[in-house]
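Read through the structure below, which is laid out as structure tokens, and then see the notes.
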Amino acid sequence: MTVTVYEDIVDAARADTRELVRVERDGDHAIVRMDDPESLNALSAPLTLQLHDALAALAADRAIRSIVLTGSDPAFSAGGDLRLMQDAHEGIDEGDQGATLAWRWIRYQFGGIARLITRTDKAFIAAVNGAAAGVGLAFALACDIVIASERARIVPAFMKIGLLPEVGTSWHLTRRIGYQRTFELFAGGRILSAQEADDLGMVNAVVPHDALMDAALEWCKRISQLPPHALAMTKPLLRNAADMPWEGAITMEELAEPNCFTTTAHRGAVQALLAH
């Protein structure tokens with residue numbers, strides 16, 4: 001049966017009883033694993049909803065400071081689910097919501113996850129264990145730190161299937177590697193190895209596959225050692241500075257910095273340094 005209403009897609013996805021996202025909590029950090037390896041962790045409607053729910057719950061948990069996002073081997077995520085795309089085609093053709101059906105899913109679900117990653121004051125570390133394609137790649141790029149396994153592959157699949165870079169990918173990549181490199185990546189459609197992605201500045205580090213999670217958790221440890229206000233204030237400052245003129249960025253820093261002087265963490269750190 002063709003699903004032609006956005007709410008019906010959500011209801012059908014919520015009725016799926018499979019556990020497609022697994023969350024492991026440990027102290028002040030958590031690992032969120034997309035877990036549908038047979039589909040290469042494609043972002044089906046059920047997996048996407050479960051991922052959104054899991055990340056929202058962690059973002060609201062005051063005990064959590066950092067979140068590792070990864071996939072079950074052999075892939076990080078193959079991106080948008082082709083069957084979901086086919087359902088969207090039928091819904092657009094046969095339903096009365098037209099293209100707004102796809103728009104609502106892309107904005108509220110795919111876009112909702114990307115916005116959550118970028119807007120929460122938690123630190124997100126992408127542990128890219130295999131292929132990262134389409135929207136899956138967008139989620140990795142939205143994270144604050146990207147650690148890639150030597151097996152990772154960057155798959156710019158949008159244009160080859162008649163789509164455009166979406167879910168923030170165009171913004172992230174033009175700022176990381178420039179317009180012409182980004183155009184080359186999407187128009188050429190060439191799959192990048194982990195090392196090539198590192199050379200272009202798309203990832204923070206490439207590590208042996210078996211060391212991937214240890215490398216991601218090392219970042220969680222570093223985040224844990226930071227004063228809480230430092231992360232909460234620095235992340236939005238850096239995120240907003242990317243689009244500000246220099247004068248706006250320095251003004252924002254000037255207004256934010258004095259607040260840090262009021263914290264016991266800052267005062268204690270100064271006293272400790274003076275004591276040496």
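Values quoted throughout were computed directly from the atomic coordinates according to the rules given, and no laboratory measurement underlies them. Predicted model only: the values in this text are computed from it and were never measured. Positions of Cβ are generated from backbone atoms using ideal geometry, with glycine treated the same way; all protein chains shown enter the neighbour counts.
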Any idea which of Ser170, Trp219, Leu40 is furthest toward the positive side of the dipole for the chain, if Lys and Arg beta-carbons carry +1 and Asp and Glu beta-carbons -1? Trp219
With +1 on each Lys and Arg Cβ and -1 on each Asp and Glu Cβ, and nothing else charged, work out how big the dipole of the chain is about its Cα centre, in Debye to the nearest 20. 700 debye
What is the extension gain from Leu238 to Glu184, computed as 0.36 nm multiplied by their sequence separation minus the C-alpha to C-alpha distance, in nm to one decimal? 16.7 nm
Run through the DSSP bridge list for the chain and note the antiparallel percent, rounded to the nearest 5. 25 percent
Using the alpha-carbon centroid of each, what span in Å lies between region 33-65 and region 198-261? 22 Å
To check my understanding: the extent here is largest minus smallest coordinate of the Cα atoms along each principal axis. What are those three numbers for the chain, in Å, largest first? 71, 42, 40
Given a Förster distance of 25 angstrom, what is the FRET efficiency for Asp199 paired with Ser170, based on the Cβ-Cβ distance and rounded to 0.05? 0.75
Check each of the trypsin sites (Lys or Arg not before Pro) in region 192-256 and keep only those in coil by DSSP with at most 13 other C-beta atoms within 10 angstrom; list them in order. none
Take every Cα pair under 8 Å in the chain that's 6+ residues apart, average their separations, divide by the length, and report that relative contact order as a whole percent. 16 percent
Distance in nm between label sites at Asp61 and Ala211, each 7 Å beyond Cα in the beta-carbon direction? 2.9 nm
Around Leu58 (Cβ within 13 Å, Cβ-to-Cβ, excluding Leu58; K/R +1, D/E -1) the net charge comes to 0
Net charge over other residues, Cβ less than 13 angstrom from the Cβ of Arg18 (K, R count +1; D, E count -1): -3
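Over the residues of region 219-259, compute the C-alpha Rg and express it relative to 2.2 N^0.38 Å.
1.30
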Helix-only estimate, please: 222 nm mean residue ellipticity of the chain, summing -39500 (n - 2.57) across DSSP H runs of length 4 or more and dividing by its residues, to the nearest 500. -15500 deg cm²/dmol
For the chain, built as a Gaussian network whose Cα springs stay under 10 Å, the top-fluctuating residue of Ile250, Ile117, Ile64: Ile250
Taking every other residue with Cβ under 15 Å from the Cβ of Gly111 and scoring Lys and Arg +1, Asp and Glu -1, one gets +3
Suppose a student asked you for the relative contact order of region 152-276, using Cα pairs under 8 Å spaced at least 6 residues apart; what percent would you report? 19 percent
